[in-house]
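Have a look at the structure below, then the notes.
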Amino acid sequence: LITVSCVNFQTVWGDKAANLAKIKSHIEAAVAVGSNLIVFPEMALSGYECSDECEQDKKPCSMHHNAAELVPGPSTKAIARLTKKYSIYVVLGMPERDKNNPGICYNSAALIGPEGVIGTYRKLHLGGVPPVTESICFTPGDTLPVFETRYGPIGILVCYDFWRHPELSRILTLKGARIIINSTAVNFGVGRDEFMRVVAAANATLNHVFVASADLVGKDRNKDFMGLSTIVGPIYPRLAPVLAEAKDREQVISATLNFEILHRLDELSHWKQERRSEVISREFAKLLMQRSD
């Protein structure tokens, strides 16, 4: 069993110290209800939206590049003191500075646990203009790690990677992940609440995993974000039920997950063994060759 919390988090745009103080407060609140793993949204440490020069001058965002930190760095080390004190794990969305090239920044989610700072997942797919300026500000990641924890392996994705690229959740599952974390920033739009529920449920059901998605809420810089952080789990053959869901305000939601459910599902459905990996790999290879021509 593991108790997971997702935080509907409203940033103080560009104020890393204020956000870190709020993050610590939410961690304390989640610990009070017994959480073992606490998930924060995309760019919770700094704020999500870029500053004006990104779109106007096609230059990297000064706010994010000033806020970016090495990992380990000051903020992740501060969180690590809490994760060690309470013997918990935290996933924190943040701008990460490259250790070899300070001009390169990533849109990252850091994993911090009782043993300290474990590592980061760097967002693979960056949105372009319009509607967002990520591709101007950040460098995309190029790995898809699965992180070992005392609760087993977990996978982490960031927003666009989760909502529009389902093959990433499948790969993480095949690499052993039993929980897929989505650190996200979804702003208001018609039908997006239903889209978020359905995609999270589909990922959980198709892959026999639990999904924990944490979203920003309220006004960041100019945009208003949805909230609706969600924890879902599979019940074969239905779409996964919502185990916990936040509203459109800042709050912490929690659910206790039982991995035995996943083991029973794997006994009922043998999709991993029956998957035609050789055919799928061949077809992906053909697509890559077509793109290179």
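The values are calculated or read from the model by the stated rules, or taken from the named source; none is laboratory data. Remember, it's a predicted structure, so these values are computed and weren't measured experimentally. Please note: Cβ atoms are built from the backbone with ideal geometry, for glycine as well, and neighbour counts cover all protein chains shown. Surface accessibility is based on the protein's heavy atoms, side chains included, excluding ligands, DNA and RNA. Shrake-Rupley method; radii C 1.70, N 1.55, O 1.52, S 1.80 Å.
Looking across the stretch 203-223 at every residue that is in a strand (DSSP E or B) and under 19 Å from MET94 (Cα atoms), the one that is most open to solvent (accessible area, probe 1.4 Å) is identified as LYS219. Within the bounds of the stretch 166-175, is there any residue that is modelled with pLDDT of 95 or more, within 23 Å of SER35 (Cβ to Cβ) and acidic (Asp, Glu)? Checked against the condition, which is being modelled with pLDDT of 95 or more, within 23 Å of SER35 (Cβ to Cβ) and acidic (Asp, Glu), the stretch 166-175 yields no hits at all. Looking for something in contact (Cβ under 8 Å) with a residue 24 or more places away in the chain and either assigned to a helix (DSSP H, G or I) or in contact with a helix residue (DSSP H, G or I) (Cβ under 6 Å, 6 or more places away or on another chain) (or both) - is there at least one such residue anywhere in the stretch 277-291? Checked the stretch 277-291: no residue is in contact (Cβ under 8 Å) with a residue 24 or more places away in the chain and either assigned to a helix (DSSP H, G or I) or in contact with a helix residue (DSSP H, G or I) (Cβ under 6 Å, 6 or more places away or on another chain) (or both).
Residues in the stretch 157-178 that are under 11 Å from the mean Cα position of the chain (by Cα) and not aromatic (Phe, Trp, Tyr): LEU157, VAL158, CYS159, ASP161. With respect to the stated conditions, ILE136 fails to be more than 17 Å from the chain's Cα centre (by Cα), aliphatic (A, V, I, L, M) and surrounded by fewer than 16 Cβ atoms within 10 Å (Cβ to Cβ). Restricting ALA200, ALA240 to those that are assigned to a loop (DSSP other than H, G, I, E, B) and in contact with a helix residue (DSSP H, G or I) (Cβ under 9 Å, 6 or more places away or on another chain) reduces the list to ALA240.
Would you confirm whether or not the stretch 145-153 contains a residue that is in contact with a strand residue (DSSP E or B) (Cβ under 8 Å, 6 or more places away or on another chain), open to solvent by less than 10 Å² (accessible area, probe 1.4 Å), more than 23 Å from LEU243 (Cα to Cα) and of a type in the set (Phe, Trp, Tyr)? No; the residues of the stretch 145-153 include none that is in contact with a strand residue (DSSP E or B) (Cβ under 8 Å, 6 or more places away or on another chain), open to solvent by less than 10 Å² (accessible area, probe 1.4 Å), more than 23 Å from LEU243 (Cα to Cα) and of a type in the set (Phe, Trp, Tyr). Against the test of being among the polar types (S, T, N, Q), within 13 Å of the chain's Cα centre (by Cα), over 25 Å from PRO241 (Cβ atoms) and surrounded by 19 or more Cβ atoms within 10 Å (Cβ to Cβ), the options THR120, THR184 yield a single qualifying residue, THR120.
Within the stretch 58-80, residues that are at negative phi have Cβ atoms under 6 Å from residues that are open to solvent by 80 Å² or more (accessible area, probe 1.4 Å) in these pairs: LEU70/LYS99, counting only partners at least 6 apart in sequence or on another chain.
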